[in-house]
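To start, the structure under review is shown below, and the notes come after it.
The values are calculated or read from the model by the stated rules, or taken from the named source; none is laboratory data. Quick caveat, the model's predicted, so the values are computed rather than measured. Quick reminder, even Gly has a Cβ in these numbers, built from the backbone with ideal geometry, and neighbours come from all protein chains shown. What goes into the accessible areas is simple: the full protein's heavy atoms, side chains included, and nothing from ligands, DNA or RNA. Shrake-Rupley method; radii C 1.70, N 1.55, O 1.52, S 1.80 Å.
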Amino acid sequence: MNNIFTGKRLLILFLLTVSCTGRYQGPLSPEESLKTFELREGFKIEIFAAEPYVHDPVSMEFDEQGNAYVVNMPDYPFKPEAGKAKGSIVQLKDTNGDGRADQSVIFSDSLMEATSILPWKGGLIVTTAPDILYLKDTNGDGRADSREVLFSGFFDRNSEAQITSLSLGVDNWIYAANNGQPGEVISGKEPNASPLPMSGADFRFRMDRNQFERTTGASQFGQTLDDYGNRFFTQNTLHIQHVVIPWRYWHRHPHLPSPVVVTNVSDHDLVMFQKTPPPYWRAERTKRRNQEFKEHNLDRTEYAEDHFTGASGGTIYTGDAFPKEYYGTVFTGDVAGNLVHRDILSALDDAPTFIAKRDDAERDREFLASTDSWFRPDNFAQGPDGYLYVIDFYRQHIETPVSVPDDLKKDMDFLNGSQLGRIYRILPNNSQVTANVSPDLKNKSTHELVKLLNHPGRWWRLQAQRLLLERQDLTAVPELKALFAQSEDPKVRLHALYALEGLNALDVELVRQALNDSSPGLREHGVILSERFPACLTLAVEKINDPAIRVAFQATLTIGDFHSKQAIDALASVVEKYGKDAWFRTAVLSADAGSSVDVLKMLQHKNFFFKQPDPWKLIFLGDFSYVIGSRNDKEQIISLLDLLSQSDIAKEEKWQAAGVKGLMMGLKKSAASNPIMKEALQKMEADSTRNIKGSIKDLMKLYSR
């Protein structure tokens, strides 16, 4: 059988090569392509799977038995006709134990643009827009015979921007990238419920509780979570962005002035070091676009090479096979640059976010780069062996046809290579693969699963936690509590805490322990979980003075769920202590309590904020006043105007100017559907003789009627 497949492979490669025009390089065999790789010293790369066992692979996951499942997406970049989709999921097998797949079994086929999978209860969750499905083999023949629509209604008109990148977090939520695309999503379990609008958001859901909601995005193809649930995502040119503020906080009210809630954490912008020249079509398109920019006097430049344009599949390495310094670093492919980039991720001490830097040994090179222009590293996988798997789409062209001028498309076959695909394994030089690792977690006892939460590899910890969640075996509770109290590894304590949460065994005492944990990451999650227990509010408030800035930031977000004098006092203290930081200002203003005039009154009472009109204070006051205006609450508006008129504030016109400007902008937003109010505001703005104090008087009259 292997000889037959080898002959077919060579025939395919020959036909593809002779069909190529002189402008474009032809394909290489897997073994030839392997020779084109330049890899970081200390590592080696080998073939794990190749055509015909995989083709156009975009995702791979290992289930609790160590079985490798791969998603093939051969229809890209075209939308297949109904009933003619060629997408598939296959299980790879290594029958001779040499570490390379020599057989594949079709788990499911005829899938409409499937892009990612995740194991659950012996089956697979699958993103295949417009749906998220649950597929399972119930009769043991290796092929899915059960199909359930979990969610439906996702955007499905661009294969590069559809629901994808399933990721299980330590918090028991499953996250999916939606690229902020529109959609009206419903649950298969509650088809008559009101649909969830998805525009501008990513998606997350819980299989154990039938919960689903929007989450901050917009991830394109690639999202990854670290050990403490911090989420990072990939989006074309921006290869690593951090979600700083979760959706549920900045949507507590609809009045924030254009909040920034994600940030690009790379300190090296778009620069990368590729070994391949740009293809003719890209070089020519870039040349034309730059000419247009010049003709229209636009200060803009497009790059055809050495800059990220196809960043994809960002993945934090959390295995135990690489040297320890690699744990927590981020690997990202660029399908246009034919390379794999690596970032060292570090938390900042003075802001609630991170910075991603190159390693010193990779200042002028990439972790992996190829001279084979067909090498398309679109994703990564990690499994029980702790190695890193690189998923190679392997195509001649990878681009949306609508983005390529018609004359350049004439000699481009966007499906050239759709029969090909490779998956590579990266491992340290001193490692040797002789056979597949077969963990057999399915047959582990509950006691053994709890023990596996101690494993140094995150794959093992997450699989064990997932199986505990699936089983709902409450006999695990005492052991989990002991593990949470006694483990010296904060990562293990966090898994134990959320395993307890998943078993509905969380209580006030556990949350208090988390709030007082020695690990900042545990304290941060203690603050998050305290939102379920009002009795923990006082402890959560104390955390605004935590020495770890992310803990203080989470405390600020959490306190905003309460509207009491204690919360108002705490949020005013946050403004005093952290107000220079824009993230903290947004966190305060996202809360009803934080955007009430009571906070400004408290700041005035503390006799600090209004002493000096520093730039950050004026920005805060302007944004604060915008929220008041947008909310259009008469009592709050009058209260704000009264405050701006008081002598200790009125003596410095900058305060009044910032407050009035923000208030007017917010009022205009709220008056958009009120013709009478809109006209009154327009008259005020048109009066050139009106000064700041006059504006305050006019607004007082307008709202005192």
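Here are the numbers for this structure:
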{"quantity": "Unique residue being more than 24 Å from Lys275 (Cα to Cα) and open to solvent by 50 Å² or more (accessible area, probe 1.4 Å) when the list is Asp360, Asp349, Asp364", "calculated": "Asp349"}
{"quantity": "Filtered residues of segment 44-58 (kept if open to solvent by less than 10 Å² (accessible area, probe 1.4 Å) and either within 27 Å of the chain's Cα centre (by Cα) or among the aliphatic types (A, V, I, L, M) (or both))", "calculated": "Ala49, Ala50, Val54, Asp56, Pro57, Val58"}
{"quantity": "Residue in segment 613-627 that is outside any helix (DSSP H, G or I) and farther than 26 Å from Arg252 by Cα present", "calculated": "yes"}
{"quantity": "Pairs with Cβ under 9 Å, 6+ apart, first in segment 54-65 and closer than 9 Å to Asp378 by Cβ, second open to solvent by 20 Å² or more (accessible area, probe 1.4 Å) and modelled with pLDDT of 95 or more", "calculated": "Pro57/Asn379; Val58/Asn379; Ser59/Tyr69; Ser59/Asn379"}
{"quantity": "Of all residues in segment 404-418 being within 18 Å of Gly87 (Cβ to Cβ) and out of contact with any His (no Cβ under 6 Å at 6 or more places or on another chain), the one that is least open to solvent (accessible area, probe 1.4 Å)", "calculated": "Gly417"}
{"quantity": "Any hit, segment 263-278, residues being outside any loop (DSSP other than H, G, I, E, B), in contact (Cβ under 8 Å) with a residue 12 or more places away in the chain and within 30 Å of Val627 (Cα to Cα)", "calculated": "yes"}
{"quantity": "Every residue from segment 59-102 that is part of a strand (DSSP E or B) and hydroxyl-bearing (Ser, Thr, Tyr)", "calculated": "Ser59, Tyr69, Ser88"}
{"quantity": "Counted residues, segment 481-509 - those being of a type in the set (A, V, I, L, M), closer than 21 Å to Glu531 by Cβ and open to solvent by less than 10 Å² (accessible area, probe 1.4 Å)", "calculated": "6"}
{"quantity": "Residue in segment 22-30 that is at pLDDT 50 or above, touching an Asp or Glu at 6+ places or on another chain (Cβ under 7 Å) and within 28 Å of Ser108 (Cβ to Cβ) present", "calculated": "no"}
{"quantity": "Where a residue in segment 532-549 is in contact (Cβ under 8 Å) with a residue 60 or more places away in the chain and β-branched (Val, Ile, Thr) and its partner, wherever it lies, is open to solvent by less than 20 Å² (accessible area, probe 1.4 Å) and not in a helix (DSSP H, G or I), with Cβ under 9 Å and at least six apart", "calculated": "Ile549/Ala351; Ile549/Pro352"}
{"quantity": "Complete set of residues in segment 226-240 that are modelled with pLDDT of 95 or more, surrounded by fewer than 23 Cβ atoms within 10 Å (Cβ to Cβ) and not acidic (Asp, Glu)", "calculated": "Tyr228, Gly229, Asn230"}
{"quantity": "One residue from Arg209, Arg214, Arg248, Arg252 being farther than 17 Å from Trp583 by Cα, in contact (Cβ under 8 Å) with a residue 24 or more places away in the chain and either assigned to a strand (DSSP E or B) or open to solvent by 40 Å² or more (accessible area, probe 1.4 Å) (or both)", "calculated": "Arg214"}
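Here is a yes/no grid of residues against (1) among the aliphatic types (A, V, I, L, M); (2) in a loop (DSSP other than H, G, I, E, B):
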| position | (1), (2) |
| --- | --- |
| Ala381 | yes, no |
| Pro384 | no, yes |
| Ile391 | yes, no |
| Asp407 | no, no |
| Phe414 | no, yes |
| Gln419 | no, yes |
| Arg425 | no, no |
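For every residue, the table says whether it meets (1) within 29 Å of Pro119 (Cα to Cα); (2) in contact (Cβ under 8 Å) with a residue 40 or more places away in the chain; (3) open to solvent by 10 Å² or more (accessible area, probe 1.4 Å).
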{"site": "Thr315", "(1), (2), (3)": "yes, yes, yes"}
{"site": "Asp320", "(1), (2), (3)": "yes, yes, yes"}
{"site": "Val330", "(1), (2), (3)": "yes, yes, no"}
{"site": "Ala336", "(1), (2), (3)": "no, yes, yes"}
{"site": "Trp374", "(1), (2), (3)": "no, yes, no"}
{"site": "Gly383", "(1), (2), (3)": "yes, yes, no"}
{"site": "Val402", "(1), (2), (3)": "no, no, yes"}
{"site": "Leu420", "(1), (2), (3)": "yes, yes, no"}
